[in-house]
Amino acid sequence: MITVADLLKIKGTKVYWITTSDTVRDALLLLAKKDVGALPVLDGKKLSGIFSERDFARLLARKDSFPLDTPIQDIMTKQLFTVTPTTNIEECMQMMTEKHIRHLPVLDNDKMVGLITIGDVVKAIISSQKDFIGQLEGYISGRW
């Protein structure tokens with residue numbers, strides 16, 4: 001069974017983040033510069049929220065205009081769903097599907113050690129299934 005730790009070994013643990021005092025403009029510029037879809041929001045060293053392209057799109061859909069110098073803490077998603085390195089990827093997929101989220105911060109003893117996306121999880125599940133199918137084919141054909 002593949003765990004989040006296994007996934008992070010392949011993907012890496014580099015996470016781009018912003019602070020609660022950064023502005024929406026700061027966040028949008030970092031999203032564009034790093035070509036990522038979401039940024040964890042830290043208050044000191046503590047994870048306090050997440051901001052995504054989807055959050056911004058929904059915000060704009062509700063308002064005619066929006067000041068980009070608004071602190072991110074005013075609009076970030078505060079209801080967080082997180083996983084640990086020992087969480088298996090099937091649990092991640094279930095959580096992402098049920099909660100309609102695309103990004104999961106990875107916490108180890110309340111310290112953020114990574115961020116996984118729905119794409120990471122899907123890729124790992126497909127790879128795992130291909131390996132399993134190959135093993136079954138080998139068994140059926142008598143190669144093993």
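Quick note: the coordinates plus some simple rules give every number you see, no bench work behind them. Note that the structure is a prediction, hence the values are computed from the model and not measured. No Cβ is skipped: glycine too gets one built from the backbone with ideal geometry, and neighbour counts run over all protein chains shown.
Multiplying the residue separation of Glu53 and Arg25 by 0.36 nm and subtracting their alpha-carbon distance yields 8.9 nm. Rounded to the nearest 500, the 222 nm mean residue ellipticity of the chain from helices alone is -14000 deg cm²/dmol, with -39,500 (n - 2.57) taken per DSSP H run of at least 4 residues.
For segment 1-72, taking Cα atoms only, Rg and Dmax work out to 14.2, 47 Å respectively. Largest mean-square fluctuation among Arg102, Arg58, Arg25, in a Gaussian network model of the chain whose springs join Cα atoms under 10 Å apart, belongs to Arg58. Using a simple spin-label model with pseudo-atoms 7 Å out from Cα toward Cβ, Phe81 and Ile125 lie 1.2 nm apart. Helix 24-34 and the longest principal axis of the C-alpha atoms of the chain enclose an angle of approximately 30°. I'd like the orientation of helix 53-62 relative to the chain: the angle between its Cα long axis and the longest Cα principal axis, in ° from 0 to 90, rounded to 10. So the helix axis and the longest Cα principal axis differ by about 50 degrees.
Positive-end ranking of Leu7, Ser21, Pro71 along the dipole of segment 1-86, with charges on Cβ about the Cα centre, is headed by Leu7. Close lysine pairs were tallied over the chain: pairs 8 or more places apart or on different chains with Cα atoms under 12 Å apart number 4. Only Lys, Arg, Asp and Glu carry charge here, each on its Cβ (+1 for the first two, -1 for the last two); on that basis segment 4-141 has a dipole of about 240 debye about its Cα centre. Can you give me the angle between helix 89-99 and the longest principal axis of the chain, using Cα atoms only, in degrees from 0 to 90, rounded to the nearest 10? Compared with the principal axis, the helix lies near 40 degrees. Computed from label points 7 Å out along Cα-Cβ, the spacing between Asn109 and Asp35 is 3.6 nm. Expressed as a whole percent, the proportion of Cα-Cα pairs in segment 81-128 lying more than 16 Å apart is 32%.
In Å, the Kirkwood hydrodynamic radius of the chain over pairs of distinct alpha carbons?
On the way: mean 1/r = 0.0601 Å⁻¹.
Hydrodynamic radius (Kirkwood, Cα only) of the chain equals 16.7 Å.
Given charges of +1 on the Cβ of Lys and Arg and -1 on the Cβ of Asp and Glu, with all other atoms neutral, how large is the dipole of segment 25-100 about its Cα centre, in debye to the nearest 20? Please list the in-between numbers first.
Working: 11 positive and 11 negative charges, 30 e Å.
The calculation lands at about 140 debye.
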